[in-house]
Amino acid sequence: MPETTDALALGNDLRAFVDASPSPFHAVAELARRLRAAGFTELAEADRWELAAGGEHFVVRHGSLIAFRVGTAPLAEAGLRLVGAHTDSPTFKVRPHSDVRQAGYRLVGVEPYGGGLWHTWLDRELTVAGRVALRGGATALVRLPGAPLRLPSLAIHLDRSVRDGLTLDPQRELVPVWSRDLGTEPGLRDAVATAVGVATEDVVGHDLVLADTQPAGVAGADGTWVAAPRLDDLACCHSGLTALLAAPSGARTQLLVCNDHEEVGSGSMSGARGSFLEDVVGRLVAVTDAGDAQALPRAIARSRLVSADMAHAVHPTRSDRHEPDHRPQLGGGPVLKVNANQAYATDAASSGWFAERAADAGVPVQWFVTRADLPSGSTIGPLTATRLGIPTVDIGAPMLAMHSCRELASALDVPLMVGALTACFAD
């Protein structure tokens, strides 16, 4: 088990990672920054790749990133060890025509992205973050300073039915307010252009989302809990990256994939249903196994993927919503996720392989299954396993308040996740 001081240090690093990543594009930029600092070099998909054993590289496709360390053996002979996570989280996406004016206010038109607990976004200081497309083909990251947006609750005096349960209409009631409508104040597009340093008319497109402005915090009686937005799944991106950087190089190629769009089904060119991972693995095989037409399926057959996505810790006051014999605890270590209907890709072989690696690293494991009378969530695991035909195990760190604007996890689980994933990379 890790020392508490080590866990707190990693917890602080996780909080810094989350604070730097208000959107998937910022998360990719922070992953890339850390990879460059560790000696990894960026490759472009449009370029011809020349790879050598021991080479450390990464490649970006929009809001997704793949980093890898080339092994000394051909992929067809040794396979790969892969860890997958996702960069997106439930939020609100800014609409193309976002200037809404009503009741004397100027608002910003948004639509929900993913399955969020939308009531948790009310009465919080919010901003906008993401990327903008500029005239001439360039793109730029942006995060508006301060807290220019808010979703104010309706006072109970004006709707006493709220005591019987809150139902929010996303079209009418989840529209953040920007300012009073005085007719002369700058709008969101103007503010974004100013933040980027260009003229308003030079902003020709955007992928912008709302983000909570409150920094990730320390919580819990002993100070070991992490309270933060977007822990699902930035915490696993962080653990996967930390493990990749810590893993010793060897015969097998090691690869981290952080996909965008998991929260909306992964159906995009950079999502797990897309070709990004398959394209990169195919190119790695083509370089290390040149001339072998059967190299790709041979490499896949010798590979293992750990799909790392946050898991449900047992709820302190709603434990009845959990399967009685499968109740993960905060700080109890990685959670193996199983579903009879393949919402998770875990099977006997893949779970056994992961449990052995974790045991070798001195890391305890927990188990999660959904109650038989409740639907299950899912991950990139089954999608990637289906597309590539790769043996896969679904795991995650335990957390509370998943899909809330502010989620809760334990710093004690960070070194446990990193230790288990490092062992998987080093296998």
From the list Asp123, Asp169, pick out the single residue that is loosely packed, with under 12 Cβ neighbours inside 10 Å, among the charged types (D, E, K, R), at positive phi and not in a strand (DSSP E or B). Asp123
Do we have Val108 as more than 23 Å from Pro334 (Cβ to Cβ), touching a Pro at 6+ places or on another chain (Cβ under 6 Å) and hydrophobic (A, V, I, L, M, F, W, C) here? yes
What tally of residues in segment 1-31 results from selecting those that are farther than 17 Å from Ser239 by Cβ and part of a helix (DSSP H, G or I)? 6
Only one of Ala37, Ala44, Ala53 is at pLDDT below 95 and open to solvent by 20 Å² or more (accessible area, probe 1.4 Å), namely Ala53
Just the residues that are closer than 13 Å to Ser249 by Cα and either free of Cβ contacts under 8 Å to residues at least 60 places away in the same chain or among the aromatic types (Phe, Trp, Tyr) (or both), please, taken from segment 58-86. Phe68
Is there a residue in segment 194-207 that is of a type in the set (A, V, I, L, M, F, W, C) and either under 24 Å from the mean Cα position of the chain (by Cα) or closer than 18 Å to Leu107 by Cα (or both)? no
Residue count, segment 74-106 (criterion: outside any strand (DSSP E or B), closer than 30 Å to Ala52 by Cα and open to solvent by 10 Å² or more (accessible area, probe 1.4 Å)): 3
Confirm whether Gly115 is farther than 30 Å from Pro382 by Cβ and out of contact with any helix residue (DSSP H, G or I) (no Cβ under 6 Å at 6 or more places or on another chain). no
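Residue by residue, here is whether (1) within 22 Å of Asp19 (Cα to Cα); (2) open to solvent by less than 70 Å² (accessible area, probe 1.4 Å) holds:
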| site | (1), (2) |
| --- | --- |
| Arg131 | yes, yes |
| Pro148 | yes, yes |
| Leu154 | no, no |
| Glu173 | no, no |
| Asp181 | no, yes |
| Glu201 | no, no |
| Leu208 | yes, yes |
| Asp212 | yes, yes |
Taking the condition of being modelled with pLDDT of 95 or more, small (Gly, Ala, Ser) and out of contact with any helix residue (DSSP H, G or I) (no Cβ under 6 Å at 6 or more places or on another chain), how many residues in segment 283-310 meet it? 2
Can you tell me which of Ala38, Ala16, Ala85, Ala76 is more than 23 Å from Met402 (Cα to Cα) and out of contact with any Lys or Arg (no Cβ under 7 Å at 6 or more places or on another chain)? Ala38
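Results for (1) of a type in the set (Asp, Glu); (2) open to solvent by less than 80 Å² (accessible area, probe 1.4 Å); (3) touching a residue at least 24 places away in the same chain (Cβ under 8 Å), shown as yes or no for each residue.
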residue	(1), (2), (3)
Leu158	no, no, no
Trp178	no, yes, yes
Asp190	yes, yes, no
Val196	no, yes, yes
Ala219	no, yes, yes
Consider Ala372 carefully, then state whether it is farther than 18 Å from Leu231 by Cβ, modelled with pLDDT of 95 or more, more than 19 Å from the chain's Cα centre (by Cα) and open to solvent by 30 Å² or more (accessible area, probe 1.4 Å). no
Among the residues of segment 350-359, is there at least one that is open to solvent by less than 20 Å² (accessible area, probe 1.4 Å) and either under 18 Å from Leu231 (Cα atoms) or assigned to a loop (DSSP other than H, G, I, E, B) (or both)? no
Take the residues in segment 385-427 that are open to solvent by 10 Å² or more (accessible area, probe 1.4 Å), more than 15 Å from the chain's Cα centre (by Cα) and of a type in the set (S, T, N, Q), then tell me which one is modelled with the highest pLDDT. Thr422
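The values are calculated or read from the model by the stated rules, or taken from the named source; none is laboratory data. It should be emphasised that the depicted structure is a prediction, and the values quoted were computed from it without experimental measurement. Cβ sites come from the backbone with ideal geometry, for glycine too, and all protein chains shown count toward neighbours. For accessibility, only protein heavy atoms count, side chains too; no ligands or nucleic acids. Shrake-Rupley method; radii C 1.70, N 1.55, O 1.52, S 1.80 Å.
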